[in-house]
Amino acid sequence: MKKSIALLLLAALSLYVYVRNDVPDQDPYAITDYSRLHPVKVERVVKGQEERQLVAIVQEARQKGLTVSIAGQRHSQGGHTYYKDGIVVDMTSFNRILAVDPARKTVRVQAGATWKDVQDAVNPYGLAVKTKQSQNIFTVGGSISINAHGRDIRNGSLIKSVESFRLLTADGQIKQVSRTENADLFPLALGGYGLFGIILDVTLTLADDEMYRITSDRMSVGEYSAYFQNRVKSNPDIRLHLARISVAPDSFLTDMYAINYTVDRSIPLRGHDRLNEGERLVIPTKLMFNLNRSFDWGKNVFWDLQKRFFGTQQGTVISRNNAMRSESGFMEYREAGKNDLLQEYFIPPDELSAFVEDFKAVLRSESMNLLNITVRYVNRDEEAKLSYAREDMFALVCLFNVPLTEQGQTQMKQSVQRILDAVMKHRGTYYLPYAPYASLDQFRAMYPNYGVFFNKKDEYDPEHLFMNYFYENYRGE
Amino acid sequence: MNALNAQWLIRSQSIVTLAAGMIYPYYLLFLKNAGNSYSKYGLAFAVFTVSSAAVSQWLAPRLDRHGVRMLAASSLGMAAVMLAFPWVMSYGLVLVLQLVMGICNAMQKMSERLLIADHTQHGSRGVVIGSFHFWTSAASGFAVILGGFLIDWLTIDALFYASALLYALSAWAVWRYGRHGAGRAAAAESQRAAHRQL
Ligand SMILES: Cc1cc2nc3c(=O)[nH]c(=O)nc-3n(C[C@H](O)[C@H](O)[C@H](O)COP(=O)(O)OP(=O)(O)OC[C@H]3O[C@@H](n4cnc5c(N)ncnc54)[C@H](O)[C@@H]3O)c2cc1C
C-alpha cells in the first residue's frame, strides 16, 4: 500500500515536471539565445577552430545556398546569432590571445575570446580594458558587433577602443579593416550585428590598470542629472560610474543611488591587483533576487538591502580590472515559459527626469514586472553607422520578467512600443541587441542611418549569406 | 529476524540514496565541466574506483566487527566531501575528493551488504532486499526531481549543501538506530547459537 502510494506520487511528480517543461523555450533540439524566444532548428552548429575551416564554411554555404549566422556567447536576445535552416558558426572556441603589446598598450585576440580571457592576459602587464560591459562573460567579437558600453565614463562606446580587425567577408576574402584600411567597413561591421562577415581577430587599445576607491551617494531621480554633471563628470579622477533607480513600490522610480570609482594614487597597484575568481554569496543573492522577481514586498526588501550593501562598500578599494568583472551568477533564471529580458533606453541628461515621469506613467498602466534599472553614461559617439549615442546619453538598462507565451509577448510588444514613444519624445534611442519589440517606424526614427546600413549590406553581401533575425526584423520592405 | 529489524537500515540508506540521487546526475555535469576532455573526465572516475577497490581490502577483515561504524563514517565522509565541492578550484582537488568518495563508497557498499545479511535470514531475504531496493530507488527518484528544482531556484552549490545535510542526517540515523539494531542482531545471533547448541 505504502509502496503504491509512493510510486503513484513519483509518477505524478514526473508527469507534472514533463508538462511544466513541455514548452518551446525548453526544447533541447532547437537553438535560441539568452532570451529563449523564437527557438528554431538550424542546419548545423559548427565550432570555429581555424581560419581555413571558416573560409571553407563560407564557401560551402555559398555553393549550397545556405545562410551563415555568427554566434559568440549568444547573450544577445533577438535571434541575432542564428537563422532557420542555416549554419551557425560558434566562435567561442576561436579564442586565443594572440599578442599583448605593453609598449603600445594593445592586445590582439581572436574574436571568440571572452573579456575574462582578455583580462587574464593583460592584468599581469598592469593593463586593463577601456570599455566593456559590466560583466566579463561576453566574447570580444560579440561585443564589438553590438558596440557595447559599460561603466567607464571616459572612453566612449566600445568602437572607440577598436584599432583594427580582420574580417572574413561573403566573397570568402579576408580583409584587414581599420580607420585607414578598408575604412568603409569599419563603422559597418562594428555595431553590424554579424551581417558583414566573420570578425576573426581584433586589436584593442588598452588603459592602465589603476586602483579605485568606491564611494556611493543617494539622491532622487530629479537630482541625478545635476549630480552627475557637477560631481561626477567634472571630476576627471572618477573613471567608472553607475547608478540604480528603485523599482520597489515604496520608492518607485524616485529613489536612486550612485556608485563612483575614483582613482586613488596613494595605493600601489602591485599587491592589490590580483584578479577576483569565482563569485561570492550567489545563493543568498539569488534567493533575494527570486523574491524581488516574485513579490512587491520582495522588491522593497531587495532595494533596502542593495542600498545597505553599497553603504558597507563605501571607501573600499578595488582595481580597475576587478571593478570591470562584476557578478552574474545570481541572475541565472531558467523557469519554463518565462524569462528575464533586458531592454535599454538612451536618454539625454537634460531629459532624464521628464522621461522617467513618462516611463512611470506607462509602467503604472501596463502590468509589467520590472526587476531592476541600472543607469550608465555614454559619451556621444556617432562613428558606428547604427550608433545609439547621437549625443551624450544616460543608458537606462531595464530588466523585465516576461512570459514567453505568444500572448505574453504580444502584450510586451505593445507595452514596450508605448515606452519607446516616450523615449522618442525625449530625443532618446534604444539598444538593438535585445528583443525587437519596436515597430519598424520606431526603429527607423531612432536609427536614421538604417538606409545606408542596409544598402551597404546589399553591396558587401548581395546574396545575403550572413543572415539572422536582426536582419529579418529590421530590414523591412 | 524479520523486515522490522532492518527498517532502520532501510530508512537511513534511503536518506543516503536521497542525498546521492539528488546530487549524482548533476555532479556528473559538474565533473564533465571540470574535465574539459573526456579522458580527463574518465580519469576522475578511475580514481574513484581504484581507491574504492584498494580500501576494500583493508576494510574487509574489519567489516564484521565495525559494520555500523563504517556505514556511519561513510555518510559523514560524504557529507564533508559535499561541503567541500563548491570550494574546489582545481582539477587536482577534484581528484582528491574523488579518492575520498571512493573510500566512502567502499565503506558504504560493503557495510550495507553486511548489515542486510546480518539482519536477514537465509530463505527469507527476498522481501527485505526487495523492500530495501524499492525505497532506496524511490527515494532517488524524488531526489533527482527535487534536485533539478533546487538548482533552477538556487544554484548547484546549494544542491551540494543540501546533499551534505542529508548525508549528515543519515550518519546520525545509522548511529542512533544502528547500534541499537546491531545490538539486537547480535543478541539474536547468540540466542540462535544457543539454540543450535541445544
Ligand atoms: C545579463 C546581460 C548583461 C548585459 N550587459 C550589458 C552591458 O552592460 N552593456 C552592453 O553594452 N551590453 C550588455 N549586454 C548585451 C551584450 O553586450 C550583448 O548581448 C553582446 O552581444 C553579448 O556578447 P556575446 O558574446 O554573447 O555575443 P552574441 O550574442 O553571441 O553575438 C552578438 C552579435 O554579434 C555577432 N557576432 C558575434 N561574434 C562575431 C564575430 N566573431 N564576427 C562577427 N559577428 C559576430 C552575432 O552575429 C550577433 O549579431 C548584456 C547582456 C546580458 C544578457
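The values are calculated or read from the model by the stated rules, or taken from the named source; none is laboratory data. Small disclaimer: the values here were computed from a predicted structure and weren't measured. Because the Cβ atoms are built from the backbone with ideal geometry, glycine has one as well, and the counts that use them run over all protein chains shown. Accessible surface is based on the protein model in full, side chains and every heavy atom, while ligands, DNA and RNA are left aside. Shrake-Rupley method; radii C 1.70, N 1.55, O 1.52, S 1.80 Å.
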* Unique residue being within 16 Å of the ligand (Cβ to nearest atom), open to solvent by less than 80 Å² (accessible area, probe 1.4 Å), within 14 Å of chain B (Cβ to nearest Cβ) and under 19 Å from the mean Cα position of the chain (by Cα) when the list is A:32, A:92 -> A:92
* Among (1) open to solvent by 50 Å² or more (accessible area, probe 1.4 Å); (2) among the aliphatic types (A, V, I, L, M); (3) part of a loop (DSSP other than H, G, I, E, B), which single condition is residue A:336 missing? -> (1)
* Of (1) away from every other protein chain (no Cβ under 13 Å); (2) farther than 19 Å from residue B:70 by Cβ, residue B:176 satisfies all except one. Which? -> (2)
* Looking only at segment A:299-307, decide whether some residue is open to solvent by less than 40 Å² (accessible area, probe 1.4 Å), of a type in the set (D, E, K, R), more than 18 Å from residue A:335 (Cα to Cα) and at pLDDT 95 or above. => yes
* Asked: Condition test on residue A:81, is it within 14 Å of another protein chain (Cβ to nearest Cβ) and either near the ligand (Cβ under 9 Å from one of its atoms) or in a helix (DSSP H, G or I) (or both)?
  -> no
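Each row is one residue, and each column tells you yes or no for (1) in contact with a Pro (Cβ under 6 Å, 6 or more places away or on another chain); (2) among the aliphatic types (A, V, I, L, M); (3) surrounded by fewer than 17 Cβ atoms within 10 Å (Cβ to Cβ).
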site: A:363; (1), (2), (3): no, yes, no
site: A:373; (1), (2), (3): no, yes, no
site: A:399; (1), (2), (3): no, yes, no
site: A:414; (1), (2), (3): no, no, yes
site: A:437; (1), (2), (3): no, no, no
site: A:444; (1), (2), (3): no, no, yes
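A quick yes/no check of all residues on (1) within 11 Å of the ligand (Cβ to nearest atom); (2) crowded, with 20+ Cβ neighbours inside 10 Å:
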| position | (1), (2) |
| --- | --- |
| A:125 | no, no |
| A:135 | yes, no |
| A:140 | yes, yes |
| A:149 | yes, yes |
| A:153 | no, yes |
| A:164 | no, no |
| A:182 | no, no |
* To do: Working only within segment A:268-285, note down all residues that are part of a loop (DSSP other than H, G, I, E, B), within 14 Å of chain B (Cβ to nearest Cβ) and at pLDDT 90 or above.
  => A:274, A:275, A:276
* Which condition does residue A:207 not pass, out of (1) within 23 Å of residue A:118 (Cα to Cα); (2) away from the ligand (no atom under 16 Å from the Cβ); (3) assigned to a loop (DSSP other than H, G, I, E, B), if it passes all the others? -> (3)
* **Within segment A:96-129, tally of residues that are closer than 20 Å to residue A:145 by Cα and either among the acidic types (Asp, Glu) or under 19 Å from the mean Cα position of the chain (by Cα) (or both)** => 10
* Considering each residue of segment A:365-396, count those that are in a strand (DSSP E or B), of a type in the set (A, V, I, L, M, F, W, C) and farther than 21 Å from residue A:295 by Cα, and give that number. => 7
* **Search result, residues across segment A:166-180 that are in contact (Cβ under 8 Å) with a residue 40 or more places away in the chain and either outside any strand (DSSP E or B) or open to solvent by less than 10 Å² (accessible area, probe 1.4 Å) (or both)** => A:168, A:169, A:170, A:172
* To do: Give A:153, A:144, A:87 a once-over and let me know the one that is outside the structural domain of residue A:346 (by TED's automatic domain parsing), over 23 Å from residue A:188 (Cβ atoms) and among the aliphatic types (A, V, I, L, M).
  => A:153
* To do: Determine which member of the set A:327, A:344 is within 16 Å of the ligand (Cβ to nearest atom), within 14 Å of chain B (Cβ to nearest Cβ) and within 22 Å of the chain's Cα centre (by Cα).
  => A:327
* **Flag for residue A:292 being out of contact with any Lys or Arg (no Cβ under 6 Å at 6 or more places or on another chain) and of a type in the set (S, T, N, Q)** => no
* To do: Could you tell me which of the residues A:283, A:245 is open to solvent by less than 40 Å² (accessible area, probe 1.4 Å) and in the same structural domain as residue A:399 (by TED's automatic domain parsing)?
  => A:245
* To do: For residue A:6, state whether it is assigned to a helix (DSSP H, G or I), of a type in the set (Gly, Ala, Ser) and away from chain B (no Cβ under 14 Å).
  => no
* **Selection within segment B:82-94 - assigned to a helix (DSSP H, G or I) and without any contact (Cβ under 8 Å) to a residue 24 or more places away in the chain** => B:84, B:87, B:92, B:93
* Pick from A:302, A:295: which is under 21 Å from residue A:257 (Cβ atoms) and either among the hydrophobic types (A, V, I, L, M, F, W, C) or in contact with a Phe, Trp or Tyr (Cβ under 7 Å, 6 or more places away or on another chain) (or both)? -> A:302
* **Filter result (open to solvent by 10 Å² or more (accessible area, probe 1.4 Å), away from the ligand (no atom under 13 Å from the Cβ) and either in a loop (DSSP other than H, G, I, E, B) or not hydroxyl-bearing (Ser, Thr, Tyr) (or both)) within segment A:184-204** => A:184, A:187
